[in-house]
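Report on the structure given below.
Rule-based calculations on the coordinates, nothing more; no lab input. What you see is a predicted model, and the numbers here were worked out from it, not measured in a lab. Ideal geometry is used to build each Cβ from the backbone, glycine not excepted, and the neighbour counts take in all protein chains shown.
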Amino acid sequence: MAGKTNPVSVTPNQALLKMTAGIVVTWLIVGALLFGGARRLDWGLGWLFFAVWGLLKLAFIFLLRWRDPALMVERATRHENTQRYDRLLVPVYFLLAFGAILVAGLDGGRFRWSGEIPAAAIVIAYIIYLFGNGLASWAAGSNPFFSSESRLQADRAQQVIRQGPYRFVRHPAYLATVLLWPVTGPLLGSWWAIIPGVLAALTMLMRTGYEDRMLQAELPGYADYARQVRYRLFPGIW
């Protein structure tokens with residue numbers, strides 16, 4: 001399991017270009033789903049989400065290039081020892097996440113099935129959304145093994161991380177994702193988009209369980225860490 005990885009790697013600057021290109025393409029897809037579903041461009045909530053989503057993603061990768069070039073290379077490289085469950089769950093996750101954006105475009109931007117969502121609900125949703133992004137960034141800044149793939153990084157001498165948000169839960173970045181997608185619908189004026197958003201969050205719950213089991217079995221010291229930090233995602237619950 002810990003053996004072969006993809007021998008083709010990239011430099012930090014190549015990784016930055018690759019990840020920037022990926023974000024730009026995804027940003028365009030998000031815009032097409034939002035405004036294609038809405039069938040109009042004069043949609044303030046749509047433009048606000050579109051701007052916030054893209055700017056947060058770009059800020060993350062440029063900060064990553066500055067603070068941890070080796071981690072940027074890891075995140076830009078595809079590896080052969082990625083877990084099989086990851087190859088199944090990640091495409092489902094993206095399908096559901098994009099589905100949440102499309103439903104929000106159709107509902108909040110066009111048909112208004114949800115009616116008028118209170119401004120307070122939108123503000124609260126943005127607070128949760130920004131908190132989730134901040135938590136994910138904190139996790140990335142605390143963990144030099146913050147890979148985008150679920151795998152054991154024996155090639156990078158992976159170790160158990162105990163600082164930052166990892167003092168409180170074992171998978172803070174997955175907690176961030178679980179928080180982000182259910183509130184994406186209300187950000188865009190749609191209650192109906194909560195449904196695919198929750199389903200996207202559930203795929204991350206499944207990924208958390210599988211990855212935690214893999215780490216306990218294969219990463220030295222992780223089982224002891226799991227006894228000290230008892231909860232995977234939700235303090236006091238799970």
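Points to keep in mind about this one:
- Note on segment 42-105: the C-alpha convex hull projects to 5.7 nm² when averaged across all orientations.
- Counted by neighbouring Cβ atoms within 10 Å, the residues ASP86, ASP107 run from fewest to most as ASP86, ASP107.
- Helix-only arithmetic for the chain: the sum of -39500 (n - 2.57) across DSSP H runs with n ≥ 4, divided by the residue total, places the mean residue ellipticity at 222 nm at -22000 deg cm²/dmol.
- Proximal charge balance of ALA15 [Cβ under 9 Å; K/R count +1, D/E count -1]: +2
- From the C-alpha gyration tensor of segment 12-228, square roots of 5λ in Å: 32, 19, 16
- As a rough guide to protection, the peptides 58-68, 112-122 ranked by mean Cβ packing within 10 Å, highest first, stand as 58-68, 112-122.
- The magnitude of the dipole of segment 1-158, with charges of +1 and -1 set on the Cβ of Lys/Arg and Asp/Glu and taken from the Cα centre, is near 240 debye.
- Highest-MSF residue in the chain out of ARG170, ARG75, ARG84 [GNM, Cα springs under 10 Å]: ARG84
- Crossing angle, helix 119-142 versus the chain [Cα axis fit, 0-90 degrees, rounded to tens]: 20
- Helix 44-67 and the longest principal axis of the Cα set of the chain meet at an angle near 20°.
- Computed across segment 1-137, the Kirkwood radius stands at 17.2 Å (inverse of mean 1/r, all Cα pairs).
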